[in-house]
Amino acid sequence: MLSPRFLAFLLAFLFLVVATPATQADDASFGEDSVIVLSVDDWQTFRTDYRNSDWGQFLREPSIRETLKRFSDGIGALVSGVSAPYEEDSEEGSAPGRMMGVVGEQFAMLLKTMTGRCAISIGYQMTPMGPMPNILLECHGPEEIAAMKKAILGAIKTEVSEPLMPANFMVGEMGFEGVEGMPGVGLYFGRNGDHFAIGTSRSGLKQYFDTEGTSVGARFGSTPVYQAGKNLTTSGNHTSYLNFDPIWKLIPFFTAMAGGPEGTENDEDDGDAEDADRAEDDDDWGDEAETGFPDVAAIIDAFGLTTVHGSVGRWTMSADGASSESIIAIHGRKGIMGLIPRSNVSLAIPRIVPGDAAAVSMFRFAFDQVISIAKEIFIAVEGEEGISEFEAGLQMMSEQMGINIQEVLDSIEGTIASYTPARDPDAPPMNPMMMMMGGGTGIDTFMMVRLKDTAPMEKVIETLAGPEMMGATLQRKEIAGHEVFVYDPLGDTPAEFAPPSGPALKPAITFDGNWFVFSSSEALLTSALESDSGGIASRPDFKKLIDRVGGTDGLLLAYADLGDVLAQQADIIRPMLGFLPLLIPDIGSNEELSFLFDTDNVPSSDLIRKFFGPGVSRSEIIPGGIRTIGWYPRVVPLPQEKKSGSVVEF
């Protein structure tokens, strides 16, 4: 059975990876092909801060502990069903189950007793046999940690049937003992006093602990994502990096392993003859007979994804709440990265966004670059000869609708605003059957696009409202001095089908000044247009949150009452969990998977709102990337004392 403590650690680890810090000297010593690097200056301080956070206290709730146990038991049972390459099952349970039990308990002990600095790196090292895993954990702690080596190695020797070679070696003053399936790749445990290490690669361990600088291979400190971490301005106890460059480097390797990109030859494959034979039998086979595996590397490069090096972040928890700072390292504006503007703008929230909105986001794209970017990608993927087809498609669209697509894109200033309304406590719960019939999820959508010139978009709306297009299904109304178009394909929708209780959707659009407004609900749009409250931007508490992240200038501004938003999502997922086994009988009849569909897995909305509250973040353009600053005030007070057995340890 997997330990609930171990599951809690995984949740904490994911929590740190998505939003944590940089610039530790030791972090630079990991291999350059490390994909994830996480370090904590003082593990016990972090552990205390995490336990006392809103999230940590949420995990200590009895119902959440029961859910964690349900998942640990269920996953443990699934893992126990896997046998190879382990020994045969016995009365004490399956070999994989016993292995996972030992590993889970040992790591639970490790995570409870570690002290001082600890760091982990997950990546690979390229060898003549291809990429091999390079995972390294370094920590400090008491004598009990030494017993971990004996327990895990003993379990491996007992349960794993494949032959493994013992390994003993020194790196500096640290001695290592372990087992390996091939030279240099295995599982190694090292110790020097209260300093411990666990690794899967001999060369990776040497590279990290070689203080004399004689190890071979570039180190993590040379990577762009590590260098970006030097631009973080806040201090913190935790550091995390997500490095994409090693992933981009692997794509050509796996493409070659899969047979090579289109047009490449493979002497050991008679695919050309097979394709020719198939082309003779099927006239529709066409040019596909000459193509091979797509050049994935070229496609990813054309989209500009390789210009994104990764991210680095810093997360600090205090008695008042949690603050974060992160940087996404990007070079240039190739491909879809060209949609990111090169300068910051004001992202002041429009007055039409109501004061009780559960979530609000403001962001900006360079819409005028859409067609030119699409052409560049099309040429890179399809070649110069295919661009004429792309342009012909645009021309046909323009002729059919009587509008110029580029003019419409040029008229968009680029700022997009959206919000999620607060949940109506009197609204009926989400009905899965109604959703399958084409109805909504119970969460409305409201979006606005700021325009430089409204004329091109007005022409688009008039064209769509014409008799040749959607005229019969669009109703024109005047609401609060605005001309509103309501999409109602059923005409006068009967009450039993009308929102919010019925399955029908009645989206509406209008213009509010230089904003083009879309709402998934006519009622929601009407409420927004008729409101004179001044909107969420006039709330004093909202202004304080915005000031905490440096105002409204930037690339993206996001606010969310996490309790309300998560509760709304829970209200959707909860009935879906109970409905899925009925929809898919094969899954519903599998007792081993039944734990996944227990509706108690989804916390109650009241419990979610108790532990999670408002938070805000702002992103801005900086040289070499995008910086994001976040602030999340504490919702529940710091615990006054620790009660025995009440904490989910990790």
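The values are calculated or read from the model by the stated rules, or taken from the named source; none is laboratory data. A quick note: this is a predicted structure, and the numbers were derived from the prediction, not measured. Positions of Cβ are generated from backbone atoms using ideal geometry, with glycine treated the same way; all protein chains shown enter the neighbour counts. Side chains are part of the model used for accessible areas, which takes the heavy atoms of the whole protein and leaves out ligands, DNA and RNA. Shrake-Rupley method; radii C 1.70, N 1.55, O 1.52, S 1.80 Å.
A few comments on the model shown:
- Qualifying residue in region 189-201 (condition: open to solvent by 10 Å² or more (accessible area, probe 1.4 Å), out of contact with any Leu (no Cβ under 9 Å at 6 or more places or on another chain) and in a helix (DSSP H, G or I)): no
- Condition met for Glu138 (closer than 20 Å to Lys112 by Cα and either over 26 Å from the mean Cα position of the chain (by Cα) or buried (at least 16 other Cβ atoms within 10 Å of the Cβ) (or both)): yes
- Any hit, region 556-568, residues being in a loop (DSSP other than H, G, I, E, B), touching a Lys or Arg at 6+ places or on another chain (Cβ under 9 Å) and more than 20 Å from Arg423 (Cα to Cα): no
- Against the test of being small (Gly, Ala, Ser) and in contact with a helix residue (DSSP H, G or I) (Cβ under 7 Å, 6 or more places away or on another chain), the options Ser222, Ser240, Ser235 yield a single qualifying residue, Ser240.
- Residues being open to solvent by 50 Å² or more (accessible area, probe 1.4 Å), in a helix (DSSP H, G or I) and farther than 22 Å from Gly76 by Cα - total across region 573-606: 7
- Checked against (1) surrounded by fewer than 20 Cβ atoms within 10 Å (Cβ to Cβ); (2) in contact with an Asp or Glu (Cβ under 9 Å, 6 or more places away or on another chain); (3) closer than 23 Å to Phe511 by Cα, Leu347 passes all but condition (1).
- One residue alone among Ser323, Ser343 is within 30 Å of Arg548 (Cα to Cα), modelled with pLDDT under 95 and not in a strand (DSSP E or B), and that residue is Ser343.
- Subset of region 530-544 (residues that are surrounded by fewer than 19 Cβ atoms within 10 Å (Cβ to Cβ) and in contact (Cβ under 8 Å) with a residue 60 or more places away in the chain): Ser531, Ser533, Gly534, Ala537, Ser538, Arg539, Asp541
- Residue in region 548-562 that is under 21 Å from Arg60 (Cα atoms) and either touching a strand residue (DSSP E or B) at 6+ places or on another chain (Cβ under 8 Å) or open to solvent by 40 Å² or more (accessible area, probe 1.4 Å) (or both) present: yes
- So Gly97, is it modelled with pLDDT of 90 or more and either touching a Pro at 6+ places or on another chain (Cβ under 7 Å) or crowded, with 21+ Cβ neighbours inside 10 Å (or both): no
- Of note, Gly383 satisfies the criterion of being on the phi > 0 side of the Ramachandran plot and modelled with pLDDT under 90.
- Unmet requirement for Gly338, which otherwise passes all of (1) at pLDDT 80 or above; (2) open to solvent by 50 Å² or more (accessible area, probe 1.4 Å); (3) not aromatic (Phe, Trp, Tyr): (2)
- Number of the exception - Asp426 against (1) on the phi > 0 side of the Ramachandran plot; (2) surrounded by fewer than 16 Cβ atoms within 10 Å (Cβ to Cβ); (3) modelled with pLDDT under 90; (4) not aliphatic (A, V, I, L, M): (1)
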